[in-house]
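Okay, structure first, notes after.
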């Protein structure tokens, strides 16, 4: 719209207030809605934490009904250490998936497992679990299937 057309429109309108009001209404119609901030999905983290809590609950019930954790033999201690490493590794991977980085310490995730050492190098990590007969070392990216099967081994042993 040219300067002359604007002047004519202003003079033709009932008042300058109604002209300004009309302009503001037109701007409001053409204005785009404000972009909503993107929210991170916390669902996977919550799912893993719930599964860890459920597994630990089952573990505690098994320990109370089966004579306690102190009665584990060497093979069961190793399987227990492997499964603990598996749970912690899953928690670390979920944290990285939701935040983009591994945490500086396990305490950041409220994980305080006795006998497990965590070392992070930024984009990778190492977990070392000690038990009576030795230790297990897991480095991020390695296959976790043997660690996951450790729970099955413990459950079968306890069921006998």
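Is at least one residue of region 31-43 assigned to a helix (DSSP H, G or I), closer than 30 Å to residue 155 by Cα and at pLDDT below 75? Within region 31-43 (the criterion being assigned to a helix (DSSP H, G or I), closer than 30 Å to residue 155 by Cα and at pLDDT below 75), the answer is yes, since at least one residue qualifies. Confirm whether residue 123 is within 20 Å of residue 54 (Cβ to Cβ), over 14 Å from the mean Cα position of the chain (by Cα), without any contact (Cβ under 8 Å) to a residue 60 or more places away in the chain and assigned to a loop (DSSP other than H, G, I, E, B). Here the answer is no, as residue 123 does not meet what is asked.
Of everything in region 44-66 that's modelled with pLDDT under 70 and surrounded by 12 or more Cβ atoms within 10 Å (Cβ to Cβ), which residue is farthest from residue 93 (Cα to Cα)? Out of the qualifying residues, it is 66.
The values are calculated or read from the model by the stated rules, or taken from the named source; none is laboratory data. Remember, predicted model here, so these are calculated numbers, not experimental data. Every residue, glycine among them, receives a Cβ derived from its backbone with ideal geometry; neighbour counts consider all protein chains shown.
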